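What follows is calculated from the coordinates using simple rules that are stated; it is not laboratory data. It should be emphasised that the depicted structure is a prediction, and the values quoted were computed from it without experimental measurement. Because the Cβ atoms are built from the backbone with ideal geometry, glycine has one as well, and the counts that use them run over all protein chains shown.
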Amino acid sequence: MSLRDLAKRIKLPDSYDGRSLRNIWVTLTLVPPLVVMALYLSGILNSYYYDVLMRMGISIILAVSLNIVNGHLGQFSIGHAGFMGVGAYVAGVLIAGGNPGYAGVTLREPGLLSSLPTFNALGQQFSLAFPIAMLIGGVAAAMLAFIIGIPAFRTRGDYLAVVTLAFNMIIVNILVNMQYVGGSRGLTGLPGYSNFMWVWLAIIATVLVSRNLITSAHGRAILSVRESEVAAELGGINVRTYKLIALSVGAFFAGIGGALLGFHVMFINPSMFNVFRSIDYLIMIYLGGVGSITGTALGAVIWTLLQEALRFMGVWRQVVGPILLIITMLVWKRGLTKGELPFIIAKRKGGLAVVHHPDNQ
Amino acid sequence: MSTILTISKLTHDFGGLRAVSDFDLHIEEGQLIGLIGPNGAGKTTVFNLITGVYRPSSGDIRFDGTSLVGLPSHTIAQMGVARTFQTIRLYGDLPVIDNVNLGQHFQVQYGLTSAMLHLSSCSRGEGELYRKAMELLELFGLAQQAYEDAKSLPYGQQRRLEICRALASNPKLLLLDEPAAGMNPGEVQELMDHIVWVHDHFKLTILLIEHQMRVVMGICPHIIAMDFGQVIARGTPEEIQKSPRVIEAYLGTEETEAA
């Protein structure tokens, strides 16, 4: 069975057809994380591989959410890691608290959510505080995106690239100089609340929302901005509103991803969210196929694996990776999936039309 | 019949260049008016002023009794002014039917949350949109190509799709910017018949820009001729054809011919 056949088989009949679909989603939501956790706890999956899986999952969330802006909206955002950092720090402070004193003083005031109940299951520590903090982190990132989007989208053109780049740098600098969150040392000693179940849930949510959005009229309006801003505006579509929506939704999931990363590695510092990380996500989406949800997720997987596989090269990894990217782009202009793979979620072309096509009804 | 569009003393400057100067226009409901003039006469600028792309330097544009000056383009479109473009501007990578759906986008009933969670209001709303879009595509003979990318259509069909998309917004006034540009005489004739059909079938008010005079002569009972941003003649096709200023604008005076 070729990959294409497989894709057709997995392709869902869309939510208009009830129960079978719900079963598929329930299975997809529950089984993979349980399998991974079981393998991890039984020692078959060692902690290195588990760590790679976690980073891969978080990269998928970031890449797929960045694709809403760079792929579907057609604007160029370079500051995705900045939104990620906002989510991570907000969640971090809410749970682990900040340092109200001076640099070097380790006295911490407890986080607002630190008193919420925790329990242990499957060898993991779960806390009610974590999903709440994660959501608040995502909302904070989305709100910041909305605020910087207002001036960035005032005029037509590529201002978003400049504004998001500046935003990313400003966020990092603010964090470095903010003693309350530990300055350049960052926040340490975060509890390890993040695990593969949360990551998997977040992946499902990101992919599902992204796909639902893009196969709806509102997503279609986002696509129309990419296709022809002038025609969209003169056709009665409030272009600026849709730009703000796309940027905010993308930032929301970036914030979630940041929180997941912070509570996985159990510390956060400003350099984890600098422009270079943003560029990593850009590479992932252009490698996999910008505009395609499947493609960008695939790009995240491949890039993460490649970074690990090339680890023996040391610093040269930073050279070989980009060269491979350039070769890929030369051979397949639209990335590895060529924007063609009719995969689970939404084909790059067509969007809703694919879902509503008579063959799929 | 009531007045649908009133333009009075409309003037627009691009830096030192006066593109439109003291332009007046009254359109009654149901009229099919041709706006002709040589290249650079300011015809498209008038369209851009009506649709809010530019803000006029002075003058007023009233649509259905409301002034359009200063309103954003999407609001003007939502009020019922639809337009097409001189160079085709379709959503090329989207299927034909989505192009039409985007034309009726502001009539979408369900909200963003419903869209992101695909609630039942979303699928109901989409079903309704698709049904309407399909009806329109059938009227325009494009139903067969509904799921093809817009950019893959032949030129003539792309023109028709653009008009179809404009009509999907259920406009009161349709502005067509040189719909015959780049077409051969046979295609032009077909398109003009089509425009007359659209005008009758949808009981629309249409303002049509064209720089080839003969194209509009056959279908517009009332024509306005422009040159250098000013109206140089108004009247029936016969009156326009006889107007010395129109002849001068199109052919030049004898002295300039000789020179």
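Coordinate range of the alpha-carbon atoms in segment A:163-279 per principal axis, descending: 52, 33, 22 Å.
Semi-axes of the equivalent ellipsoid of the protein assembly as shown: what are they in whole Å, largest first, if each equals the square root of 5 times a C-alpha gyration tensor eigenvalue? Those come to 55, 27, 21 Å.
In this Cβ point-charge picture (+1 for Lys and Arg, -1 for Asp and Glu), the protein assembly as shown has a dipole of about 2300 debye about its Cα centre. Spin-label model, A:Ala38/A:Asn23: points 7 Å from Cα along the beta carbon direction are separated by 2.0 nm. Exposure proxy shown here: for A:Thr164, B:Thr66, the number of other Cβ atoms within 10 Å sets the order, fewest to most, as B:Thr66, A:Thr164. Ranking B:Asn99, B:Pro244, B:Gly16 by how far each Cα lies toward the positive end of the dipole of chain B (charges on Cβ) leaves B:Asn99 at the top. Model label points for A:Arg185 and B:Met79, set 7 angstrom from Cα along the Cα-to-Cβ axis, are 6.2 nm apart.
The residues B:Leu129, A:Leu144, when put in order of fewest to most other Cβ atoms within 10 Å, stand as A:Leu144, B:Leu129. Residue pairs exceeding 28 angstrom between C-alpha atoms, taken from B:Lys172/B:Lys242; B:Lys9/B:Lys172; A:Lys243/B:Lys9; B:Lys203/B:Lys242: B:Lys172/B:Lys242; A:Lys243/B:Lys9; B:Lys203/B:Lys242. Inter-label distance, A:Asn173 to B:Glu138: 6.2 nm, where each label sits 7 Å from its Cα along the C-beta direction. Segment B:134-192 to segment A:155-197: how many Å between their Cα centroids? A separation of 49 Å, based on Cα centres.
What is the dipole size for chain B, taken about its Cα centre, with +1 at each Lys and Arg Cβ and -1 at each Asp and Glu Cβ, in debye to the nearest 20?
For chain B, the charge dipole is close to 640 debye.
Of the DSSP H helices in chain B, not one has a Cα length along its own long axis of 27 Å or more together with a mean Kyte-Doolittle hydropathy reaching 0.5. Ranked by how many other Cβ atoms sit within 10 Å of their own Cβ, fewest first, the residues B:His222, B:His26, A:His218, A:His264 fall in the order B:His26, B:His222, A:His264, A:His218.
Label zone of A:Thr241 (point 7 Å out along Cα→Cβ, amide N under 18 Å): in segment B:87-119 this covers B:101-117.
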